[in-house]
Amino acid sequence: MTSGPLRVGVVGVGHLGQHHARLYRDLPGCRLEGVVDTDPARASEVAGRHGVEHFTDAAALLGRVDAVSVAVPTVFHRPVAEPFLEAGVAVLVEKPIAGSLEEADLLIEAARRSGSLLVVGHTERFNPAVQALRARTRAPRFIECHRLGSFAPRSLDIDVVLDLMIHDIDIVLDMDGGEVKSVDAVGVNALTPRVDIANARLTFASGCVANVTASRISATRTRKIRVFQNDSYLSCDCAERSLEHYRLEARGAGERPGIVRESVSLPEDEPLRRELEAFVAAAQGGAPFPVTAEAGRGALAVALQVVTRIAEQGKAELP
């Protein structure tokens, strides 16, 4: 905790990191101190927008910041985040927490040793529609997720499971709250050497089943989650930030129950702004951040199971 504004920095100001910098600049309670990118021109451009210093080496921020967002490619999460954690700096690392469970554990251990805050940027958890969906979910029996996007030449260091599907894996893990007993999955690569479209079926100890599909080669953009539970059905559009709640309503004696449809009113807040507000508050000793490092590790563990099942399926299909 600091007596003045929280000094923050951003490492990696590409597609997503630039928005971290934009939002930190205006968030109350913090001050953007600088940005880092290995591309000097990019670092200079983003820093210039906000009137802050820019660097090409993350180590330049050590001693200058109390908190940092790490928005570099996944393969660099551990080497970039670990020195900040060892220095006692609060770290928000973009999803997935790391490229392997071993690296995730090393980051968690570094945070434990120094007592620093380590959280994971599963931004969809802060989507007003997802938060409203979560608040109305009670013992789900079946969850269906579709996260489809058009091809973009970024995040190609990882496959679609760690790039997109992990958002919904994190959400369904949070909804059920229990152990995943089995994972079945299929996937194919189409435009890149890595898996570009995948489907996974997760069965929980509770009996809940989640069917999760992700693609980064779709012609249309879709971000939908449907939850089926006793006497209730919820349909969430993450992209449109809307939620429909269908439930059975008792009628008069001898009459069948009727279906009532409710369009849930939602705030217009930007999910990433909500996430960074929560991070700043947690770094200043306020309310705990919703997505802990352990939760991020849990989502990564299931995502890697999906990746393994896809590889096994591919081998089984070979002649």
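Where a number appears in this text, it was derived from the coordinates with a stated rule and is not lab data. Because the structure is predicted, anything quoted here is derived from the model rather than measured. Here Cβ is always computed from backbone atoms with ideal geometry, including for glycine, and neighbour counts include all displayed protein chains.
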Residue 56-residue 217 pseudo-label distance in nm [points 7 Å out on the Cα-to-Cβ vector]: 3.6
Residue separation between residue 312 and residue 181 times 0.36 nm, minus their alpha-carbon distance, gives in nm 45.4 nm
In whole Å, largest first, the alpha carbons of the stretch 168-220 cover along the principal axes 37, 20, 13
I'd like the GluC sites (Glu not before Pro) in the stretch 119-228 restricted to DSSP loop residues with at most 14 other Cβ atoms within 10 Å, sorted by number. 179
For the stretch 6-121, what is Rg from Cα atoms divided by 2.2 N^0.38 Å, rounded to two decimals? 0.97
Obtain the nm distance between the two label points defined at residue 260 and residue 244 by a simple spin-label model: each point lies 7 Å from its Cα along the Cα-to-C-beta direction. 1.8
Treating only the Cβ of Lys, Arg, Asp and Glu as charged (+1, +1, -1, -1), what charge dipole size does the stretch 6-121 show about its Cα centre? Round to the nearest 20 debye. 360
For the chain, taking Cα atoms only, what is the radius of gyration to one decimal and the Dmax to the nearest whole Å? 20.7, 74
Under-5 Å amide H pairs with residue 142, H placed in peptide plane, nonlocal only: 209, 228
Here the membrane-span-like helices of the chain, with no claim about any membrane, defined by DSSP H, Cα axial extent at least 27 Å and mean Kyte-Doolittle at least -1.0, are 293-316
As a footprinting exposure proxy, order 106, 92, 32 by other Cβ within 10 Å, with the fewest listed first. 106, 32, 92
Quote the charge dipole size of the chain about the Cα centre in Debye, to the nearest 20; the model charges only the Cβ of Lys and Arg (+1) and of Asp and Glu (-1). 640
Among 8-14, 307-313, 47-53, 71-77, how do they line up by average Cβ neighbours within 10 Å per residue, starting with the highest? 8-14, 71-77, 307-313, 47-53
Footprinting exposure proxy for 289, 228 (fewest neighbouring C-beta atoms within 10 Å first): 228, 289
From the alpha carbon gyration tensor of the stretch 81-180, can you work out the equivalent ellipsoid semi-axes (sqrt of 5 times each eigenvalue) and give them in Å, largest to smallest? 27, 19, 13
